[in-house]
Amino acid sequence: MPLPSSSTDPAGRSHGWTRWTGARLFGLLVLTCSPALGACTSLPRTPYTATEASTSRVLDLDGLRRYADDPITKFSFEKDTSTATKSYLALSGGGADGAYGVGVLNGWTAARTRPTFSVVSGVSDGGVTAPVLTLPEALLFQGSRLPGPAKLDIYILVNKKIERNFELVSNSTIDVASRSLSSITQSQTRSLIFSTYDFARRNHLGFHLSYIARDYPAAPSEGFDTAYMRALYQYGYEKAASGQAWTSTLP
């Protein structure tokens, strides 16, 4: 009776281990996502069409919804022909870290240095396609110019750390996946900020950036930790109240 054959080929063993690891990772992801998917599909979806999305209104007002790939002409200060400098505030997503942005805005107001904004954009769940919306893609990536005679001061408030940092990740599938998604979001944010900075520099616009410093202590746990959020709020408030929340340089 022939004995089972064995292989001493390292490449063969590595290939087999890779296939096993991939299958195991896929299984873990399926198990992890199954409860979430089940929760999402447990309630009936309200019928909604592309036509309804294009004509939807926010707060029963027209012109409040914009998309990153909209034509440039939609990003303008309608019925305003003045050449006065306008202020634009772009707010990022951030989950629990949004406490930083709230602190900055309140501290800025307390210092009585916060401008009146002509345009405010916001992103909510970190942004599906972008972590923060600054300017339309046609402006940032196609070399177009801002329409109209108005000058613009751009304020980008990022409720995250955007400076690169070293972190040793534990040998856990979930931890590695979480760190990977975090790194992707951070890279997307940096890329968008750099593109906006370049556009502002080329068009002689004001550029202002605020974000959580790299050395600020991380949250002790996932989710909305009340003590952490209160401390982060105070951190943002004090930075803005003392005039140290904004920088005009890249991280």
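Summary table
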| item | result |
| --- | --- |
| Residue that is under 24 Å from Pro131 (Cα atoms), at pLDDT below 75 and out of contact with any Cys (no Cβ under 8 Å at 6 or more places or on another chain), where the choices are Ala68, Ala23 | Ala68 |
| Subset tally (residues that are within 24 Å of the chain's Cα centre (by Cα) and in a helix (DSSP H, G or I)) for the range 45-64 | 2 |
| Which numbered condition Leu232 fails, given (1) at pLDDT 95 or above; (2) of a type in the set (A, V, I, L, M); (3) touching a Lys or Arg at 6+ places or on another chain (Cβ under 8 Å) | (3) |
| Thr49 being surrounded by 13 or more Cβ atoms within 10 Å (Cβ to Cβ), modelled with pLDDT of 70 or more and over 30 Å from Arg214 (Cβ atoms) | no |
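The values are calculated or read from the model by the stated rules, or taken from the named source; none is laboratory data. Being a predicted model, the structure only gives us computed values, none of them experimental. When we count neighbours, we look across all protein chains shown, and the Cβ atoms used for this are built from the backbone with ideal geometry, even at glycine.
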